[in-house]
Amino acid sequence: MKSHYWRRREFLKQVFQHASLFSIAIVLGCGGADNQKDATSEKPGGDSPAQNDDPCDETALTQKDLDHRKALGYTEQTPIPEKTCENCKLYIPESDIKKCGTCTLFKGPVTIEGYCTYWADKNV
Ligand code: SF4
């Protein structure tokens, strides 16, 4: 039969193990400041349009959409002046319906001064 001391020790060991797992879950689940910012910027409906006057506003995008844009290296201001979304064959210019350009590769607004690693010369 196990002693009272041993059972207490096992009990405390279990408590600390669960506390550690709980702490890790909190850190992974809540993320850093970036995730907190994104959580507040997401709309309850997910893809519903933002209540914003900026036609190129990204706040209506889901975190998945934002991650996809980031994975493709999209930036609103090109680091290579001769390569912009405006002269890319994948760029869809603004129209009467859409007041900001878009891209065939991902959701959301794209600026004419933008760029990503999939830039393709529209003159080729
Ligand atoms: Fe801009 Fe990249 Fe889309 Fe071309 S592929 S329009 S560079 S975001």
Accessible area in square angstrom per residue, the range 81-124, 1.4 angstrom probe: 65
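Which entries of LYS64/LYS107; LYS70/LYS107; LYS64/LYS122 show an alpha-carbon separation above 21 angstrom in the structure shown? Numbers along the way, then the final one.
Values: LYS64/LYS107 10 Å; LYS70/LYS107 12 Å; LYS64/LYS122 28 Å.
Result: LYS64/LYS122 exceed 21 Å.
In nm, what is the difference between 0.36 nm times the number of residues separating GLU94 and GLU76 and their Cα-Cα distance?
Net length gain for the segment: 5.0 nm.
The values are calculated or read from the model by the stated rules, or taken from the named source; none is laboratory data. Predicted model only: the values in this text are computed from it and were never measured. In case anyone asks, the SASA skips ligands and DNA or RNA and just uses the protein heavy atoms, side chains included. Shrake-Rupley method; radii C 1.70, N 1.55, O 1.52, S 1.80 Å.
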